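Here, each number is a calculation from the coordinates, and none is a lab measurement. Here the structure is a predicted model, which is why all the values come from computation and not from measurement. Positions of Cβ are backbone-derived with ideal geometry, glycine not excepted, and every protein chain shown enters the neighbour counts.
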Amino acid sequence: MKWNSRNRIEAAFAHKEPDRTPIFEYVLLGARAEDILRHPFLTYTGDIEGWLTLTEETGFERTLKSYARDRIEIATCLGHDMLYICPNPLPGSPYVYDPLSGLEEHFDIDNLSDPVDRLCKRNALIEAELTKSLPQDSYLVYRYLREEMEKQEIDLPIFAPAYFHGIWNDVDLMQTLLLDPATAHTHFALATRRALSIIDDYNELGIEMIGIGGDFAGNTLLISPEAYKTFIVPEVLVLSDHIRAFGGLSINATDGNLWSVIDDFLIGCGVDGYMEIDYGAGMDLGRLKKRFGKEITFLGNMDCGNVLSFSSPDEIIRITHEILDAGTGDGGHIFSASNAITPSVPLENYMAMVNAYREHFSLPEVLIK
């Protein structure tokens, strides 16, 4: 077989060993992206206000096409096998994909003091305003990416988000889980409706991998294991079943220590993959592979918050090889940082990881000057 990015990713999810572990980057924000590109780079997932200003100054289509070219250039330079891409915002509009972005812009709930009342009002407003399909121009970025890949004769599978079932820092929701379970169930049912609408759009666009779930943990869970199983697992299972029915791949994602709910998170939710594997919170890839390696594909495991930000390059090189060794066997591993590469990650550290990966598979070094 002649290996390429597409069949390498397909092998990882089919639990067959590819020629090398596939690699990509989940979120690469401005500073490190600019080091690679050697020119300014702005992403709507990192600076929405700056993005909207830029589209006003240079034009929406021109800005979005330039972004698509930059994303392909970064992937090509670093040898990535897939792309993680969010729907694009529209000129002058709030970024309504993000489940919790700008809630205060959408909902005037500050005049209510009771958390259940606040969530009830949010639910009503979400049902009225945010359960509709996204405007079709929100998906233009995927068209421009595919046009650019066609020009360059490359084929990178796309991974896109439908993360609507997280807890994040939503205190009203956490309190309502205890105070009024029915209202909390309504919240998550609405989240499922929102996610299904976007997932169906992704299916029409031919997007292969879809992220579902959302953050509900740090070094400990933000909610109890029982609450996770009761409120979130059944809704995420609806999404994974729906994705599987049209031949897609579902990837559950959250940071944090998940050992107390790991069976529910992976098997109970019926997913194909696990993203944001939090090395720093104790999520050991070798242990995960031993327990779930025949069923689940693991994406990531390099800690971005501590290891990449604060460790020495030599330590990063060691940990990169350790993670790649732990993920080897029957496919099932795609290498990436656990979450966003922010400006806290020094370029020297980031490139130590990139080139340790390349050394592991006898690939030529990438030099960024």
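If Lys and Arg each add +1 and Asp and Glu each add -1, what is the summed charge of the other residues whose beta carbon sits under 15 Å from the beta carbon of Ser311? If you can, show how the numbers build up before the last one.
Details: positive: Arg318; negative: Asp303, Asp314, Glu315, Glu322, Glu348.
Within the 15 Å Cβ shell, the charges total -4.
Could you give the dipole magnitude of region 173-258 about its Cα centre, charging the beta-carbon of Lys and Arg +1 and that of Asp and Glu -1, in debye to the nearest 20? If you can, show how the numbers build up before the last one.
Numbers: 4 positive and 10 negative charges, 30 e Å.
Result for region 173-258 is approximately 140 debye, rounded to the nearest 20.
Would you list the P(r) distribution for the chain, with all Cα-Cα distances sorted into 20 Å bins from 0 and each bin expressed as a whole %?
Whole-percent P(r) values from 0 Å outward: 29, 61, 11, 0.
Run through the DSSP bridge list for the chain and note the antiparallel percent, rounded to the nearest 5.
About 5 percent, rounded to the nearest 5.
Let me have the 222 nm mean residue ellipticity of the chain computed from DSSP H runs of 4+ only, each contributing -39500 (n - 2.57), with the sum over all residues rounded to the nearest 500.
Calculated mean residue ellipticity at 222 nm is -14000 deg cm²/dmol.
Name the residue, out of Phe298, Phe216, Phe310, whose mean-square fluctuation peaks in a Gaussian network model built on the chain with Cα pairs under 10 Å.
The residue with the greatest mean-square fluctuation here is Phe310.
Quick one: Debye curve from the alpha-carbon atoms of region 151-269 only, equal weights, vacuum; give me log10 I(q)/I(0) at q = 0.21 Å⁻¹ to two decimals.
-1.15
Too long at a 20 Å Cα-Cα cut-off: which of Lys65/Lys132; Lys16/Lys151; Lys229/Lys289; Lys16/Lys289?
Lys65/Lys132; Lys16/Lys151; Lys229/Lys289
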